[in-house]
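Q: So that we are looking at the same thing, I have put the structure below in structure tokens.
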Amino acid sequence: YKDTPYIAGYEILSEPHPKDPFTEEDVKNFYRTNIAAIRKYDTRTPTIIGAGKAKGCLTGTYDVRCLEGIYLENTPNMIYTFNFYEPPQYVKTDLQKDDGVYEPYPGTFIEKKTGAKFYVDKNYLAGLIKYGADFSTKYNVPLFVNQIGVTMITPGSDQYTTDALSLLTQNGIGFTWWLYRQPDDKHSLHEGSRAVLWEQKAEKQDKTGTSTWYRNEKLIGLLTQFFGKMPEDIK
């Protein structure tokens, strides 16, 4: 792939889940080994890495709070990445589960397991994104959000999307929306899919087995406000 012009970066291992016991240094050594192997052949294309699960990584791997623990000194041409599903019980709303009590965004969220109560709004999201922005400034490295998304049945999902993406753009952090294509299954659009395209399969009596794909125009309208924008474009 070294001469392929449209490849933006090599993500060596998405969301590393090493077996316990492990340390952040174990994950970093894995990355170092593979980066060295790649750079033998390609010194142009950036490599993309993110944190494994460690102390303080409240949402597991690729947590924005844990970027500091994955930084590789004296390793140029890097892009650091994280996922942004914050708070996960809110953005991944499942009507079949009872993970907590939440008001429409912006609003109060009470976590069922711990009883923790906090107010989720743009300031709350800004505080989390600041972990990434500070990391980027400290080490002068680019950041990329590997995944960000919110189910459409999450109360206030449109405003959440607008606030989160505007904050990322203002901080010069690129992102990809999760997800693009959603097959017709339990997570299809009528149950809150956050996909740009969603599938509706033909009725069982239709022997052609064909499907129809639909554009989620409302979501596309929200997302396209931010694609190709620079920080100064977003107020």
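The values are calculated or read from the model by the stated rules, or taken from the named source; none is laboratory data. Fair warning: this is a prediction, and the values are worked out from it, not measured in the lab. Positions of Cβ are generated from backbone atoms using ideal geometry, with glycine treated the same way; all protein chains shown enter the neighbour counts. Protein only, heavy atoms only, side chains kept; ligands, DNA and RNA dropped before computing areas. Shrake-Rupley method; radii C 1.70, N 1.55, O 1.52, S 1.80 Å.
Q: Give just the number: which of (1) more than 24 Å from Tyr160 (Cα to Cα); (2) part of a loop (DSSP other than H, G, I, E, B); (3) modelled with pLDDT under 95 does Asp26 not satisfy?
A: Tallying (1) more than 24 Å from Tyr160 (Cα to Cα); (2) part of a loop (DSSP other than H, G, I, E, B); (3) modelled with pLDDT under 95, Asp26 fails exactly one: (2).
Q: Checking Leu179 against (1) within 20 Å of Glu15 (Cβ to Cβ); (2) surrounded by fewer than 16 Cβ atoms within 10 Å (Cβ to Cβ); (3) in contact (Cβ under 8 Å) with a residue 60 or more places away in the chain, which test does it fail?
A: (3)
Q: With the checklist (1) surrounded by 16 or more Cβ atoms within 10 Å (Cβ to Cβ); (2) outside any strand (DSSP E or B) in hand, flag the one item Ala37 doesn't pass.
A: (1)
Q: Does Tyr62 fit the bill of being at pLDDT 85 or above, part of a loop (DSSP other than H, G, I, E, B) and open to solvent by less than 40 Å² (accessible area, probe 1.4 Å)?
A: yes
Q: A follow-up question, please. List the strands (runs of 3 or more DSSP E) inside the range 83-171, counting only whole elements, that have at least 3 residues being surrounded by 18 or more Cβ atoms within 10 Å (Cβ to Cβ), of a type outside the set (Asp, Glu) and within 20 Å of the chain's Cα centre (by Cα). First the steps, then the outcome.
A: On the way: elements: 100-102, 107-111, 117-120, 143-148.
In the range 83-171, 143-148 are the strands (runs of 3 or more DSSP E) which contain 3 or more residues that are surrounded by 18 or more Cβ atoms within 10 Å (Cβ to Cβ), of a type outside the set (Asp, Glu) and within 20 Å of the chain's Cα centre (by Cα).
Q: Determine, yes or no, whether Thr45 is part of a strand (DSSP E or B) and of a type in the set (Val, Ile, Thr).
A: Details: part of a strand (DSSP E or B): no; of a type in the set (Val, Ile, Thr): yes.
No, not satisfied.
Q: If Asn74 passes every condition in (1) at negative phi; (2) assigned to a loop (DSSP other than H, G, I, E, B); (3) of a type outside the set (A, V, I, L, M, F, W, C) but one, which one does it miss?
A: (1)
Q: Could you pull out the residue among Asp121, Asp134, Asp163, Asp184 that is modelled with pLDDT under 90 and either in contact with a Ser or Thr (Cβ under 9 Å, 6 or more places away or on another chain) or on the phi < 0 side of the Ramachandran plot (or both)? Explain how you work it out, then say what you get.
A: Numbers: Asp121 fails: modelled with pLDDT under 90; Asp134 fails: modelled with pLDDT under 90; Asp163 fails: modelled with pLDDT under 90.
The unique qualifying residue is Asp184.
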